[in-house]
1. Which count do you get for residues in the stretch B:120-143 that are loosely packed, with under 13 Cβ neighbours inside 10 Å and either closer than 24 Å to B:E259 by Cα or touching a Phe, Trp or Tyr at 6+ places or on another chain (Cβ under 7 Å) (or both)?
2. Return the pair list, or none, for Cβ contacts closer than 8 Å from residues in the stretch A:182-204 that are more than 22 Å from A:V126 (Cα to Cα) and in contact (Cβ under 8 Å) with a residue 40 or more places away in the chain to residues that are in a loop (DSSP other than H, G, I, E, B) and basic (K, R), at least 6 apart or on different chains.
3. Could you tell me whether the stretch A:274-283 includes any residue that is farther than 26 Å from A:A361 by Cα, of a type outside the set (S, T, N, Q) and part of a helix (DSSP H, G or I)?
4. Of A:R310, A:R275, A:R306, which residue is over 20 Å from A:G64 (Cα atoms), of a type outside the set (A, V, I, L, M) and not assigned by the TED database to the domain that holds A:T66?
5. Does any residue of the stretch A:166-179 turn out to be more than 14 Å from chain B (Cβ to nearest Cβ) and aromatic (F, W, Y)?
6. With respect to the numbered conditions (1) part of a helix (DSSP H, G or I); (2) touching a Ser or Thr at 6+ places or on another chain (Cβ under 8 Å), which one is the sole condition not fulfilled by B:D77?
7. Have a look at A:D198, A:D205 and point out the one that is among the acidic types (D, E) and within 12 Å of another protein chain (Cβ to nearest Cβ).
8. Checking B:A110 against (1) assigned to a helix (DSSP H, G or I); (2) over 20 Å from the mean Cα position of the chain (by Cα), which single condition isn't satisfied?
Amino acid sequence: MTPIAAAGSASRPGGPEGGGPLLEVRDLHTLFDTPRGIVRAVDGVSIAVDRGRTLGIVGESGSGKTVLSRSVMNLLPKRAALPADGEILFEERDLRALTNKQMREYWGPQLAMVFQDPMTSLNPVVKIGRQITEALREHLDLGRKEAQVQAVDLLRSVGIPAPERRLAEYPHQLSGGMRQRVTIAIALSCSPKLLLADEPTTALDVTVQAQILDLLARQQQERHMSMVLVTHDLGVVANRTDEIAVMYAGQIVEKAPTRTLFRSMRHPYTEALMRSIPRIENPSHTRLDAIPGRPPDLAKLPVGCRFAPRCANAQPRCLEENPPLFTDDEPRHEFRCFFPVGTPAGDEARQRNARAGRTAAGIDMSTLTKASA
Amino acid sequence: MGGLIAKKLLTLIPVLLAVSLLTYLLLSLLPGDPALLVLGGGAASAEAIAAVRADLGLDQPLPVRYLAWLGDAVQGDLGMSYITRQEVTGAILERLPVTLELMGVSLVLALVVAVPLGVFSAYRSGGRFDRTVTGATFGLLALPNFIFALILIAAFSVGLGLFPATGWSRLSDGLGDNLRAVFLPALALSVSNIAVFTRLLRTDMIATLQEDHVLLARAKGLPTSRILFRHALRPSSFSLLTVAGLQVGTLLSGTVIIETIFALPGVGRLLFDAINSRDLLMVQGVVLLLAVTFVVVNFVVDVLYTFLDPRIRSGAARARA
């Protein structure tokens, strides 16, 4: 492995504009004050996205990935979240310090977002055409006619047939896949430098999912855009990202270049996620391994490792201390685990638990290790 | 679209028939013989009473009387007042413009005040502005409109002398005088509507502002005012529209009190006087007019939904296809 960190992003294709990454999030916290207590939805997350690159953020429901993407967009209402630490550096400028009015210059031409459910993310009573042209006219100072011409081009580029006719239609006249293409066209309309796609295919039919992901990938390449792809499905990000961050309970538990992650994952949670992907080489009707238990309540987080109650490697230390992010032989590979998968310490921990029949958290090993046994 | 409206128009016919029947029955059931009223007291002879009854058609059975009255009503003839010997239709038409203007201005005033209040208190829900508006609207709801009318007169007419306390000037006498005459009564009439509309719009608007498409509109970098008024207001205004239509009923009864307080020559005042003098045919005519107005306004509201929400329009198109 070459020491990537030393090479720097400028030497890679896709980074001609400047030295640092396009987006750098440092130690980001997003906390909500709720009647149940303070919810730590994002708890010390650091990520970076280089120009023209794609970062995948993977995690199950409630892991904080949607709040993370909205925090990065600076879209959370200022009054909703408690003031908290962290910086969101976009081209080295901290978005968190900007006012709503200043952010309006960023939303559209700098950062754009595709939401999960195209059934709810388009305004049902506004024509498709106006939903696209209003962004164009706001940011690019186009006239009505020019904006319409550009909207037609955009709709065509995202693969919508008869785009001229669509301008006068309402969202309910389009299928789910078509609507998601429209929201992508809206997001792309002002040529953003960074596109955040928050579960862009979750609400769609399986047959349409691949089309939408291919569309995003193609647009990203053509426009030389950076992308953050948020999903709960490791299968979605496997071939479409340069780097993956796995989130659990508001924190990143493992982060690595995509190939490294799939080849040598270190965190037991990542391993468990991998095992829950259906594999084509398995005979059909093979039972998938679900991860038993549920993520912790973000308002009542445990002292130790947040995954320990569901982890096959859990040791007494895991219950007392939340591990920091470690690196081993590869500097861009980070993981939050004392007993990582595929290391002597991890193997030993798992064998010890197997002999005892239970983990340090008191979970019966037979419920946890079907696949690895 | 046209077919949809035509279909809805057809459903209006039985409703209007029912309304007219109820109006007629209601007043027939009132105690007291109209013939006695015409003769002006208890001292009339039995023959005289019988003659008047025959003259008024009161000796006919009820269904016949109703059908005859309905037949005339459809042609715009609501009969002649027993008391004032005035054509009912003519009397109503003469006074209708005053009442319509009063109600129209009142409704517009209520919306002009309530929409921005509702929108901004939803946008800053829980904030100081919202709490102030909430308190104020509850206060207004608790205040009957005639009390408010008296307060307005005391403050703006007697105190500041800005508006006339009573009386009317027609539009033909000049727009300025006309608006000065209508402003205070319309404001007094709109008080409860301002409160109701604000509360309603605020609630629906808060729900709309949580929706993804509003977040997407923000993510496009649109100005807040555009998001609020071009994106969020329309999907939030369905209940407002419904209730505005229903409130026309309250407005109609409100005009009776307000026109009396401000001495306006409107239909409400006509009804008030007719009731006082037991002028049954006049009461019947006015009540019928009010009921028909209410039904027609709510029909218009029904049609407006289709303009507000394109999904209803295409739903109708699919049903036809």
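1. Qualifying residue count for the region: 2.
2. A:K193/A:R51
3. Among the residues of the stretch A:274-283, not one is farther than 26 Å from A:A361 by Cα, of a type outside the set (S, T, N, Q) and part of a helix (DSSP H, G or I), which makes the answer no.
4. It is A:R275.
5. No: zero hits.
6. (1)
7. Answer to the selection: A:D198.
8. Tallying (1) assigned to a helix (DSSP H, G or I); (2) over 20 Å from the mean Cα position of the chain (by Cα), B:A110 fails exactly one: (2).
The values are calculated or read from the model by the stated rules, or taken from the named source; none is laboratory data. Just so we're clear, the structure is a prediction, and the values are computed from it rather than from any experiment. All Cβ positions, glycine included, derive from the backbone under ideal geometry; neighbour counts span all protein chains shown.
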